[in-house]
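Take a look at the structure below.
The values are calculated or read from the model by the stated rules, or taken from the named source; none is laboratory data. Just so we're clear, the structure is a prediction, and the values are computed from it rather than from any experiment. Note that we place each Cβ from the backbone using ideal geometry, even for glycine, and neighbour counts take in every protein chain shown. Quick note on the areas: whole protein, heavy atoms, side chains included, nothing else; ligands and nucleic acids left out. Shrake-Rupley method; radii C 1.70, N 1.55, O 1.52, S 1.80 Å.
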Amino acid sequence: MDIFQVSDMKKITGKVWKFGDDINTDLMYPQICYTLREEEKPYYAMSANRPGWSKLVKNGDVVIGGKNFGTGSSRPAADNLKNLGIACVVAESINGLFLRNSVNSGLLSLEVPGITTKVNEGDIVEINTEDNTITVNNNAIKFKPLPDFLMEIIENGGIINILKNKNLLGNPL
Amino acid sequence: MNTIEKILKNHSIDEIHNVSPGDIVTVNVDKAIIVDMAALHPEFINNPPLKPFDNDKIAIIFDHFVPPPNIEIANRVDKLRKLARLWNIKDFYDVGRGGISHVLSSEKGWLKPGSIIANTDSHTISTGAFNVLGRGLGTPELMGIIATGKTWFMVGNTININFEDKLSEKSSAKDVFFSMVKLVGDIPNDNIEFHGDGIKHLDMDQRSSISTMCAEMSAEFAIFPFDGILGNYLESHNIHNVNPVYPDKDAEYSRTYDIDLKNIEPMVAFPDRIINNVKPISEIGKIEINVAVVGSCANGRISDLKDIAKVLKNKKVNKNVRFIVTPATMDIYDEALRLGYISDIVESGAIVTNPTCGACLGGHMGVSSENDVIISSTTRNFKGRMGSPGSKIYLGSSRTVALSAVNGYISGE
């Protein structure tokens, strides 16, 4: 597994993996992940609902979810998707805690009502955060951008980098 | 402004006169709570905050893995003990001293009406029962709050839930939640305020059970009003001179739902999700179970233990069922011992564990096998939540769990 580096946050082009409604944090980050080595964790993402999926994901792929994406726990579920190579999550609606955790881990997550009716699994989508459009099959879908200060956290690679830069973090325990 | 908007306004770091949906408000936090799970986040151990913004406003609570089930977790959480000493944290609750953070927070008097609580656990919305705004946050975000004392909230729409009348003997607070979720569904980014005459028939345990479960609707906040019942609870926990927050007369709510408590019957959530997945037990036929669990931040309180002791007294747990009971805090455990509930439970063939989140998150103290069919009064029924993804988790009230444990199939009476 390579840790995915976003080279151009303004434009993401990736292949779509489509999921349904109410995809919860425990599916993305099962209990077993807590004590695994960091590099092993992402491979357990969606192992209960979609066994084998994690091995198929390529750097830059995009997850499209239904309603209530990320419902559940405060666990670092977004980290597992990001570390698998997922470049962006787009869903009909997103749980507030998942959205915060995603932003704080440097993973772009967008609420785009209607997205599941316009995108199919395997489609190539282009997500442009300068003009706030998702383009798929030559159709451009406008979306409401995240507030600037959240985009800034994502562009910094997450909140830990920001806290480090402000000298707010100390030595390992 | 409604109650939630007013509490946010009162805590804003900038002087503002109004808060409404769509706003982003940066607020001062009154208490930041770290639970043992934070030690399992690599960033917390590798890059802990340099120092807390105010050590009296930080609490460290061991609850998820009490006592630690393996060496890795034992070593990780031990680092939090070091941190508690380093930061001189007075509100530090180690193994055997406290219990589940959300329940302990109320016992310790940290939930002062009108305040804001941040906690690394996702069920912090439970604080709403106390007229308090609480939100579960990821560990990295809590690290920022520990360092600065501040966080932000995006203000969502608020729905109004009106409770009328009172519950029948056979129904519980969990059934109220299931009725509500059936009516309302999921509401990511939106809030709930509870109103209506029915509230005066709900005690603090029942309100806490309802507010805790609102995390499962993806609500941001779910808040009850201040009244005599909450006032008496606070007085009995030595909290005086509180400043509760009430909605303005022209407070805005996006939708209103009326729920008649007397019509609510025992309900269950079927496995894998709660949204669009709850049914009255009277309509489900015979579903056999082999594991029963009572506990968690939602339903490990003294009234839960009272409910199940009443069912189990002089009865036996069905021979096909394993029944695990977990009081939420040491104080609740102690009270249940004094009142004789623990003997009623144990003599029936159930096991009583120490306070922990254990079985609810499939961590320890009741991890499920691939063949288990579980009825549980804990918080979540996600696939694999309590152990093997092959196990099936039905959720119900503690009373329903106890009745089902005796009968061997899901039972509301």
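Between the chain alone and the structure with every protein chain in place, find the residues of region A:18-45 that drop at least 10 Å² of accessible area; heavy atoms, 1.4 Å probe.
The answer is A:Asp21, A:Asp22, A:Asn24, A:Asp26, A:Leu27, A:Gln31, A:Tyr34, A:Thr35, A:Glu38, A:Lys41 - residues whose exposure falls by at least 10 Å² when every protein chain is included.
Out of residues 5 or more away from B:Lys392 or on other chains, whose amide H comes under 5 Å of its own, with H placed 1.01 Å from N in the peptide plane?
So B:Lys392 has HN proximity to B:Asp372, B:Val373, B:Ile374.
So what is the relative contact order for region B:3-260, in percent, with contacts set as C-alpha pairs under 8 Å and at least six apart? Walk me through the numbers before you get to the answer.
Working: 518 pairs, mean separation 60.6, N = 258.
Relative contact order for region B:3-260 comes out at 24 percent.
Can you give the local net charge around B:Val77? Use residues other than it whose beta-carbon is closer than 11 angstrom to its beta-carbon, Lys and Arg +1, Asp and Glu -1.
On the way: positive: B:Arg76, B:Lys79, B:Arg81, B:Lys82; negative: B:Asp36, B:Asp63, B:Glu72, B:Asp78, B:Asp94.
In short, -1.
Rank-order B:249-257, B:307-315, B:7-15 by packing density, defined as the average count of other C-beta atoms within 10 Å over each peptide's residues, highest first.
Values: B:249-257: 12.3, B:307-315: 18.8, B:7-15: 16.2.
My ranking of the peptides, most packed first, is B:307-315, B:7-15, B:249-257.
Within a 10 angstrom radius of each residue's Cβ in A:63-75, how many Cβ atoms of other chains show up on average? Whole number is fine.
Numbers: counts 0, 0, 0, 0, 6, 8, 2, 2, 12, 9, 12, 18, 9.
Per residue, the average neighbour count from other chains is 6.
Rounded to the nearest Å, what's the spacing between the alpha carbon centres of region B:248-269 and region B:14-90? Just the number, please.
34 Å
Are there GluC sites (Glu not before Pro) in region B:131-176 that DSSP marks as loop and that have at most 11 other Cβ atoms within 10 Å, and which are they? Spell out each step's value before the answer.
On the way: sites: B:Glu141, B:Glu164, B:Glu169; in loops: B:Glu169.
Taking region B:131-176 and a limit of 11 other Cβ atoms within 10 Å, the loop GluC sites (Glu not before Pro) found are B:Glu169.
Could you provide, to the nearest whole Å², the per residue accessible area of region B:3-260 with probe 1.4 Å?
Numbers: 9100 Å² over 258 residues.
With the other protein chains kept in place, region B:3-260 gives 35 Å² per residue.
I want to verify a result. In a Gaussian network model of chain A, Cα cutoff 10 Å, which of these has the top mean-square fluctuation: A:Leu99, A:Leu84, A:Leu146?
A:Leu146
As a test, work out the antiparallel percent of DSSP beta bridges whose residues both lie in the protein assembly as shown, rounded to the nearest 5. Can you show the working numbers first?
Details: 26 of 80 bridges.
The antiparallel proportion sits near 30 percent.
Along the Cα→Cβ direction, 7 angstrom out, place labels at A:Asn120 and B:Val346. What is the inter-label distance in nm?
6.3 nm
Which percent of the accessible area of the protein assembly as shown is formed by carbon and sulfur heavy atoms (probe 1.4 angstrom)? Mind showing how you got there, number by number?
On the way: 10140 of 22000 Å².
Carbon plus sulfur share of accessible area: 46 percent.
If one computes P(r) from the Cα atoms of chain B, what percent of pairs lie at distances over 34 Å? It would help to have the intermediate numbers written out before the result.
Numbers: 22486 of 85078 pairs.
The answer is 26 percent, as a whole percent.
Report the local net charge at B:Ile16: Lys and Arg +1, Asp and Glu -1, summed over other residues whose C-beta lies under 14 Å from its C-beta.
On the way: positive: B:Lys6, B:Lys9; negative: B:Glu5, B:Asp14, B:Glu15, B:Asp23.
That sum, taken over residues with Cβ under 14 Å, equals -2.
Sequence-distant or interchain residues sharing an amide H contact under 5 Å with A:Ile94, placed H: which?
A:Asn68, A:Phe69
Counting only residues 5 or more places away or on other chains, whose amide H sits under 5 Å from the amide H of B:Glu164 once H atoms are built in the peptide plane?
Long-range HN contacts for B:Glu164: B:Gly198, B:Ile259, B:Asp260, B:Leu261.
So which chymotrypsin sites (Phe, Trp or Tyr not before Pro) in region B:147-231 pass both tests, a DSSP loop state and at most 14 other Cβ atoms within 10 Å of the Cβ? Before the final figure, lay out the partial values.
Numbers: sites: B:Trp152, B:Phe153, B:Phe163, B:Phe177, B:Phe178, B:Phe194, B:Phe221, B:Phe226; in loops: B:Phe221, B:Phe226.
In loop regions of region B:147-231 (DSSP not H, G, I, E or B), there are no sparsely surrounded chymotrypsin sites (Phe, Trp or Tyr not before Pro).
Hey, how many Å between the Cα centroid of region B:331-352 and the Cα centroid of region B:395-413?
Here the answer is 18 Å between Cα centres.
Under the rule a/c < 1.5 gives rounded, and otherwise a/b versus b/c splits prolate from oblate, where does region A:84-173 land using the Cα gyration tensor? Spell out each step's value before the answer.
Values: a/c = 2.53, a/b = 2.31, b/c = 1.09.
Since a/c reaches 1.5 and a/b is larger than b/c, the shape of region A:84-173 is classed as prolate.
With a 10 Å cut-off between alpha carbons and a GNM built on chain B, which of B:Ser171, B:Ser397, B:Ser369 moves the most?
B:Ser369
Calculate the FRET efficiency for B:Glu235 and B:Leu337 from the Cβ-Cβ distance with a Förster distance of 25 Å, rounded to the nearest 0.05. Could you put the intermediate results ahead of the total?
Details: r = 25 Å, r/R0 = 1.00.
Working from the Cβ atoms, E equals 0.50.
Are any of the pairs A:Lys166/B:Lys82; B:Lys279/B:Lys392; A:Lys58/B:Lys79; A:Lys55/A:Lys166; A:Lys82/B:Lys279 more than 26 Å apart by Cα-Cα distance, and if so, which?
A:Lys58/B:Lys79; A:Lys55/A:Lys166; A:Lys82/B:Lys279
Using a 10 angstrom cutoff on alpha carbons, build the Gaussian network for chain B and name the most mobile of B:Asn55, B:Asn241, B:Asn318.
Maximum among the listed residues: B:Asn241.
Using the Karplus equation 6.51 cos²θ - 1.76 cosθ + 1.60 (θ = phi - 60°), what ³J(HN,Hα) coupling, rounded to whole Hz, does each residue of region A:128-142 give in order, writing x for Gly and Pro?
These are the phi-based 3J(HN,Hα) values: 10, 8, 8, 9, 6, 10, 10, 10, 9, 6, 6, 9, 9, 10, 6 Hz.
Take A:Glu126, A:Glu92, B:Glu5 and sort them by solvent-accessible surface of the protein heavy atoms, 1.4 Å probe, largest at the top. Provide the component values of the computation, followed by the final result.
Values: A:Glu126 65, A:Glu92 40, B:Glu5 10 Å².
Solvent-accessible surface, decreasing: A:Glu126, A:Glu92, B:Glu5.
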